[in-house]
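Following: one structure in structure tokens, then a few remarks.
The values are calculated or read from the model by the stated rules, or taken from the named source; none is laboratory data. Not measured: the values here are computed from a predicted model. Here the Cβ positions follow ideal geometry from the backbone for every residue, glycine too, while neighbour counts run over all protein chains shown. With ligands, DNA and RNA removed, areas are computed over all heavy atoms of the protein, side chains included. Shrake-Rupley method; radii C 1.70, N 1.55, O 1.52, S 1.80 Å.
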Amino acid sequence: MTGPNRMRPLADFAKADRARTRFLLTDIDDTLTDHGRLPGESYLALQRLRQAGLVTIPVTGRPAGWCDLIARQWPVDGVIGENGALYFRYLDAERRMLRRYVRDAVTRAADRLKLDRIREEVLATVPGAAVAADQAYREADLAIDFCEDVPALPRESVKRIVDIFAKYGATAKVSSIHVNGWFGDYDKLTMTRRFLAETMSIDMDAEREAMVFVGDSPNDAPMFDFFPRSVGVANVLDFADDLRHKPRYVTKARGALGFVELADALLSAR
């Protein structure tokens, strides 16, 4: 694990360690984006990183429908979606999308019936909560919006949503905008390991010193804990009290500008 749970400024990220980085794993919302938008600076940073030879992989809570577009059109090597429920990788030479899921279609359909019951209880008992606008494009989880397209809910309401998922035996993780819940023993970290092994024959445990993960919120905690070179964009400090596992380093800038700050730091060391 990362050792002492203490966040340090990105300036402390040694040049030699940055130079050894070969893989960049990144959250999307409020890490690559600002206020729900992907600025050109973030997209260009992804392109520069990939052109420099870094394997770049978004690891997100966003839905399968978004992941299809990201895998096809962004300058990335694949995408892990719905907090680890799936990965997509577009094979350019074959003009074919590689899609893998933790749970099969029959199991996901059964899960959906249980998630529908959770949705009904959340909407009936947590004032102001809403089903996320991207729910129609999800294949494995339920996303409850607490501040993306609704007025921000108080912390106790977010906790109530998490508790309702737990009542039904579901896993629930809090991002910067949603509470995502699902059935199954997986998360961002487990699917990242599977993606690297199955698509690139990479042993993540053996190579983690060559990997950087960057994120911003509590659902990134397993990644912060596992990778010794984890980074939080500055808005991660908003969740400092809720993070059991914190990133090793923190950028000066928030959101997309923090991601660009990290990209520049990695590229300048090469």
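Points worth noting:
- Distance from the alpha carbon centroid of segment 35-85 to that of segment 166-186 works out to 22 angstrom.
- Taking the Cα centre of the chain as origin and assigning +1 to Lys and Arg Cβ atoms and -1 to Asp and Glu Cβ atoms, the resulting dipole is close to 580 debye.
- For segment 1-67, the square roots a ≥ b ≥ c of the C-alpha gyration tensor eigenvalues yield an a/c of 1.5 or more together with a/b exceeding b/c, which makes the shape prolate.
- Where the chain is the region considered: accessible area per residue in Å², 1.4 Å probe: 44
- When the chain is treated as a GNM with alpha-carbon contacts under 10 Å, the residue of 171, 21, 125 showing the greatest mean-square fluctuation is 125.
- Scaling against 2.2 N^0.38 Å puts the C-alpha radius of gyration of segment 175-270 at 1.12.
- Springs join every pair of Cα atoms under 10 Å in this Gaussian network model of the chain, and among 194, 99, 22 the largest mean-square fluctuation is at 99.
- Counted charge near residue 225, where neighbours are those whose Cβ lies closer than 12 Å (Asp, Glu -1; Lys, Arg +1): +3
- Per-residue SASA entry for residue 119, accessible area with 1.4 Å probe, Å² rounded to 10: 80
- In Å², nearest 10: area of residue 185 left accessible to a 1.4 Å probe: 150
- Top of 156, 121, 82 by mean-square fluctuation, Gaussian network on the chain, Cα under 10 Å: 156
- Cα gyration tensor shape of segment 81-224, rounded if a/c is under 1.5, else prolate or oblate by comparing a/b with b/c: prolate
- Order by protection proxy (mean Cβ within 10 Å, highest first), peptides 103-112, 51-60: 51-60, 103-112
- Distance between the modelled labels on residue 44 and residue 264, one decimal in nanometres: 1.1 nm (7 Å Cα→Cβ projection).
- Pairs spanning more than 26 Å between alpha-carbon atoms, out of 188/246; 15/173; 114/246: 15/173; 114/246.
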